[in-house]
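Each remark here refers to the structure printed beneath this line.
The values are calculated or read from the model by the stated rules, or taken from the named source; none is laboratory data. Fair warning: this is a prediction, and the values are worked out from it, not measured in the lab. Cβ: placed from backbone, ideal geometry, glycine included. Neighbour counts: every protein chain shown. Accessible surface is based on the protein model in full, side chains and every heavy atom, while ligands, DNA and RNA are left aside. Shrake-Rupley method; radii C 1.70, N 1.55, O 1.52, S 1.80 Å.
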Amino acid sequence: MTTYAHASAKLGPIKDATKSISREVFDAAQEAGHDVWYMWGYDNNASNTEHHSGRALDFMVRNKAAGDWVRNYIWKHRKRLRLQHVIWYQKITSTVTSPGVVRGMADRGNTTANHKDHVHALFFSGSYQSPSSPS
């Protein structure tokens, strides 16, 4: 299995809360037997406003089972993690637009663009709340 140091090596200057979320999801996935082999965070490209915000994460996975697990974990903890939306396997689920409805997305032409090799999540600003934080 991949180490957090390796998987998080290129997160870039993301928000502190986003980094804490990356660690939580990575550790929980590993504990459940799913490998997140790489995570992408900040993007210098100002046109990519989600990654440029420092509040977005991509969790690269090796198979659909791992992606399903990561997506479901993030969705299950959406309120505590301050999730705005999660994209996986060419489907987006938002907490804002049609909240909770899994909506299909247009074909963007390849596996990565269609989010079939990674789970993408965007979080609202705010402080990180650990799983043991009072609700």
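Mean-square fluctuation check for the chain, GNM, Cα pairs under 10 Å: which of 71, 55, 108 is largest?
Of 71, 55, 108, the most mobile in the Gaussian network model is 108.
Roughly speaking, to the nearest percent, how much of the chain's 1.4 Å accessible area is carbon and sulfur?
Carbon and sulfur atoms account for 50 percent of the accessible area of the chain.
Charges at C-beta only: +1 for Lys and Arg, -1 for Asp and Glu. How large is the resulting dipole of region 19-63 about its Cα centre, in Debye rounded to 20?
80
If the only charges are +1 at each Lys and Arg Cβ and -1 at each Asp and Glu Cβ, what is the size of the charge dipole of region 77-132 around the Cα centre, to the nearest 20 debye?
That gives a dipole near 200 debye.
Using a 1.4 Å probe, how large is the accessible area of residue 64, given in Å² and rounded to the nearest 10?
Answer for residue 64: close to 90 Å² accessible.
Quick one: what do you get for region 1-129 if you divide its Cα Rg by 2.2 N^0.38 Å?
0.96
Roughly how much of residue 87 is accessible, in Å² to the nearest 10, using a 1.4 Å probe?
For residue 87, solvent-accessible area is about 10 Å².
Could you calculate the contour length gain from residue 65 to residue 48, that is, 0.36 nm times the residue separation minus the distance between their Cα atoms, to one decimal place in nm?
Additional length available on full extension: 3.3 nm.
Between beta-carbons, use under 11 Å as the cut-off and find the net charge around residue 90, counting Lys and Arg +1, Asp and Glu -1.
Net of charged neighbours comes to +3.
So how much slack lies between residue 76 and residue 110, counting 0.36 nm per residue of separation and subtracting their Cα-Cα distance, in nm?
Between residue 76 and residue 110, full extension yields an extra 9.5 nm.
What accessible area per residue comes out for the chain, rounded to a whole number of Å², with a 1.4 Å probe?
52
Straight-line reach from residue 15: which lysines fall under 21 Å, measuring Cα to Cα and dropping same-chain residues less than 8 apart?
Correct list for residue 15: 79.
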